[in-house]
1. Any idea how many residues of segment 28-50 are touching a residue at least 40 places away in the same chain (Cβ under 8 Å) and farther than 26 Å from GLY15 by Cβ?
2. Would you point out the residue of segment 57-71, among those that are out of contact with any helix residue (DSSP H, G or I) (no Cβ under 8 Å at 6 or more places or on another chain) and touching a residue at least 12 places away in the same chain (Cβ under 8 Å), that is farthest from PRO102 (Cα to Cα)?
3. Could you run through segment 32-83 and say how many residues are aliphatic (A, V, I, L, M) and in a loop (DSSP other than H, G, I, E, B)?
4. List the number of the failed condition for ALA31; all other conditions in (1) buried (at least 16 other Cβ atoms within 10 Å of the Cβ); (2) out of contact with any Ser or Thr (no Cβ under 6 Å at 6 or more places or on another chain) hold.
5. Out of the residues in segment 152-171 that are touching a residue at least 12 places away in the same chain (Cβ under 8 Å) and closer than 20 Å to ARG56 by Cα, which is surrounded by the fewest Cβ atoms within 10 Å (Cβ to Cβ)?
6. Which pairs turn up if I take residues in segment 75-90 that are assigned by TED's automatic domain parsing to the domain that holds VAL41 and modelled with pLDDT of 90 or more and look for partners that are part of a helix (DSSP H, G or I) and acidic (Asp, Glu) with beta carbon separation below 9 Å, at least 6 apart in sequence or on another chain?
7. Exactly one condition in (1) at pLDDT below 90; (2) under 14 Å from LEU42 (Cα atoms); (3) loosely packed, with under 15 Cβ neighbours inside 10 Å is not met by MET108; state its number.
8. Test of understanding: among VAL51, VAL70, VAL11, which residue is in contact with a Phe, Trp or Tyr (Cβ under 8 Å, 6 or more places away or on another chain), at pLDDT below 90 and surrounded by 14 or more Cβ atoms within 10 Å (Cβ to Cβ)?
Amino acid sequence: MSEVAKKWYVVRTAGGKEKKAKEYIEKEIDARGLNSYLTQVLIPTEKYYQVKNGKRVLAERLFYPGYLLVEAVMTGEIQHVLRNITYVAGFLSEGKNHEPVPVRESEMNRIMGRVDEFADQEVETENPFVIGEAVKIIDGPFNGFDGTIDEITADKRKLKVMVKIFGRKTLLELNFAQVTKE
């Protein structure tokens, strides 16, 4: 099978069922022995950290919710298999006679570049804080103290928190992970 003939197509899925649809597609293609026609099924995502209940949690976000990218030689059999898989709603763009239209190479390069860029990049933390917000310190020497956010440095994931220590207001520099919202 020629690698040149394979193109990328966008497949619509049921919302929130992208992983299940990918799993079903891969199982069905394996079962029918069509691996030489359909080589990749991608769910473009990025990983990031967010703070939940005062803890840093790794989370994943979809670039295109409700869609999968499929690299395939689009024969009639492959089209039929893809259209009849649970959680798959068809192709994003279709031409004459309901033939799927491949994604332009320039667009696919942009999408793949974005995926690669986020894979190489250090996982970033979402900024869940706002200036003036009340927080509780949960880590470090001032554990248990309450304060208010005075300044946020999102790129360094640092906060300056105004805390009352021995009756005097003191500005502390803390990491996102050292505080939780009250």
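1. 3
2. LEU58
3. The number of residues fulfilling the criteria is 4.
4. (1)
5. Checked segment 152-171; the qualifying residue surrounded by the fewest Cβ atoms within 10 Å (Cβ to Cβ) is ALA154.
6. VAL81/GLU28; LEU82/GLU28; ASN84/GLU28; ILE85/GLU28; TYR87/GLU18
7. (3)
8. Answer to the selection: VAL51.
The values are calculated or read from the model by the stated rules, or taken from the named source; none is laboratory data. Everything quoted here is computed from the prediction, not taken from an experiment. Don't worry about glycine lacking a Cβ; one is built from the backbone with ideal geometry, like all the others, and counts go over all protein chains shown.
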